[in-house]
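Undergrad: Take this structure, written in structure tokens, and hold onto it; I'll ask about it next.
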Amino acid sequence: QVQLVESGGGLVQPGGSLRLSCAASGRFFRIYAMAWYRQAPGKQRELVASITSGGSTNYVDSVAGRSTISIGSAKSTVYLQMTSLKPEDTAVYFCNAEVATMNLVRDDYWGQGTQVTVSS
């Protein structure tokens, strides 16, 4: 079992910035990839950014150029740095981790979500 604990969400003014953090704990062999998703009320959950253990990154068009996803040196924490925040960035943000379990089976886990509200 893997647990993902998110932090860094909250209220921020338009044009501001914040950094979301997600720490993975539990028993697993390795992490293959980590990602951030978001879901606004009445909208489908969408992939915001992802990063693989090899360093490949992907961003949704709406945040590309003003967001950076990264993994900490311990390889168990993922960050999402967002700048120039807009009201349309308001959503619940979820952390996702794709891992190899201790018996080397691929599986994925979700955090509980953290609210980001961009408003003046």
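Undergrad: So how much slack lies between Asp108 and Ala23, counting 0.36 nm per residue of separation and subtracting their Cα-Cα distance, in nm?
TA: Details: separation 85, 0.36 × 85 = 30.60 nm, distance 1.42 nm.
Contour length minus the Cα-Cα distance gives 29.2 nm.
Undergrad: From the Cα trace of the stretch 1-64, what convex hull volume per residue do you get, rounded to a whole Å³? Walk me through the intermediate numbers first.
TA: Details: hull volume 7.9 nm³, N = 64.
About 123 Å³ per residue, rounded to a whole number.
Undergrad: In Å and from the alpha-carbon atoms only, list the Rg and Dmax of the stretch 10-120.
TA: Taking only Cα atoms of the stretch 10-120, I get Rg and Dmax of 14.2, 49 Å.
Undergrad: For the stretch 43-82 and the stretch 1-38, write down the distance between their C-alpha centroids in whole Å.
TA: Centre-to-centre distance over Cα atoms comes out at 10 Å.
Undergrad: In addition: With a Förster radius of 35 Å, plug the Cβ-Cβ distance of Ser120 and Gln44 into 1/(1 + (r/R0)^6) and report the FRET value to the nearest 0.05. Can you show the working numbers first?
TA: Working: r = 27 Å, r/R0 = 0.76.
For R0 = 35 Å, the calculated efficiency reads 0.85.
Undergrad: Turning to a different aspect of this structure: How large a share of the accessible area of the chain, in percent, is made up of carbon and sulfur atoms when the probe is 1.4 Å and the other protein chains stay in place? Walk me through the numbers on the way to the answer.
TA: Details: 3060 of 6490 Å².
Within the chain, the accessible surface is 47 percent carbon and sulfur.
Undergrad: Probe of 1.4 angstrom, ligands and nucleic acids ignored: what's the accessible area per residue over the chain, in square angstrom?
TA: Details: 6490 Å² over 120 residues.
So the chain comes to 54 Å² accessible per residue, rounded to a whole number.
Undergrad: Tally Lys/Arg at +1 and Asp/Glu at -1 over every other residue whose Cβ is under 12 Å from the Cβ of Gln1; what's the total?
TA: 0
Undergrad: Suppose a student asked you for the relative contact order of the stretch 1-113, using Cα pairs under 8 Å spaced at least 6 residues apart; what percent would you report?
TA: Normalised by residue count, the contact order of the stretch 1-113 is 35 percent.
Undergrad: 5 Å is the cut-off here: which amide hydrogens, built 1.01 Å from N in the peptide plane, fall below it relative to Lys86, excluding neighbours closer than 5 in sequence?
TA: Placed amide hydrogens put Gly15 under 5 Å from Lys86.
Undergrad: Using 0.36 nm per residue, how much length does the chain from Ala64 to Ser84 gain when fully extended, once their Cα-Cα distance is taken away? Walk me through the numbers on the way to the answer.
TA: Details: separation 20, 0.36 × 20 = 7.20 nm, distance 1.12 nm.
Contour length minus Cα-Cα distance gives 6.1 nm.
The values are calculated or read from the model by the stated rules, or taken from the named source; none is laboratory data. As the structure is a computational prediction, the values presented were derived from the model and not from experiment. No Cβ is skipped: glycine too gets one built from the backbone with ideal geometry, and neighbour counts run over all protein chains shown. We work out accessible area using only protein heavy atoms, side chains counted, and drop any ligands, DNA or RNA first. Shrake-Rupley method; radii C 1.70, N 1.55, O 1.52, S 1.80 Å.
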